[in-house]
Amino acid sequence: MDWASVAGVLVALAGIVIGQSLEGGKISSLLQPAAFAIVVIGTFGAVLLQTRPKTLWRGLRMLRLVFAPPPDTRAALARDINAWNLAARRDGLLSLERYMLASKDKFNTKGLRLIVDGIAPDKLRQLLDTEITAYETEERQAVRIWESAAGYSPTIGILGAVLGLIHVMENLTDPSKLGSGIAVAFVSTIYGVGLANLFFYPIANKLKAIVTQSVHQQEIAAAVFYDIATGDHTRVIDERIATLLREH
């Protein structure tokens, strides 16, 4: 569990609640189901309109990574790289087949398989780079739904405000209905701007950092596979490992 993310959500909500209380307002006045429905459902519909369902679903599933990020596998990958390099130099490239069969990472399995199959180093690097590009494109398209939601929700909040004012104008002769219409008008704007800047944008940025880290590891692994295939100096691979383990 990433407790920093949990704390961020709680602090953001607490800031709004405390500020409302200090102004003498009631917390219940911020709870407007109509405004919430307009902003959330409207934003979801706009994102769905511009995104393929598969990409949208992938982006929604990635939300869990904000609070339960993938484990840091850099140290494990560094150990694997050392093992691959040692086995290739001592027993030949074909000895990497046992590591290929034992690997649970699809990208590493593919890289080892290409080496074992005797693919030319330049072609191997080209294939792995293509794989990385495809993976990064797919992941960033999924993350982009949160950036899109952040862009749409403030505008849809304004739309909710206009709808609330229309409701007010329709009931000018009935003062008992004016309060609810005005509340929807202002709270819709709060929901739109608040969701964009307190949730959607931070979620997008957190997910982009996770994707960047994953792509970085794949790029290091691809370079190592190329080095092993060409029989490059061990010192080069050691430098790759040092780059991999550097804090980001």
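The values are calculated or read from the model by the stated rules, or taken from the named source; none is laboratory data. If you're wondering where the values come from, they're calculated on a predicted model, not measured in any experiment. Counting neighbours? That spans all protein chains shown, and the Cβs are built from the backbone with ideal geometry, glycine included. Ligands, DNA and RNA are excluded from the accessible area calculation, which covers all protein heavy atoms including side chains. Shrake-Rupley method; radii C 1.70, N 1.55, O 1.52, S 1.80 Å.
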Within the stretch 204-218, the residues that are open to solvent by 40 Å² or more (accessible area, probe 1.4 Å) and under 13 Å from residue 133 (Cα atoms) are 212
Checked the stretch 82-119 for anything within 27 Å of the chain's Cα centre (by Cα) and surrounded by 13 or more Cβ atoms within 10 Å (Cβ to Cβ); matches are 103, 105, 107, 108, 109, 110, 111
Residue pairs within 8 Å by beta carbon, gap of at least six or interchain, first lying in the stretch 67-91 and of a type outside the set (Val, Ile, Thr), second surrounded by 13 or more Cβ atoms within 10 Å (Cβ to Cβ) and part of a loop (DSSP other than H, G, I, E, B), listed first then second, are 67/2; 68/2; 69/2; 80/103
Restricting the stretch 198-233 to residues that are among the hydroxyl-bearing types (Ser, Thr, Tyr) and under 24 Å from residue 114 (Cβ atoms), the one farthest from the chain's Cα centre (by Cα) turns out to be 230
Scanning the stretch 83-111 residue by residue, those within 15 Å of residue 217 (Cα to Cα) and in a helix (DSSP H, G or I) turn out to be 106, 107, 108, 109, 110, 111
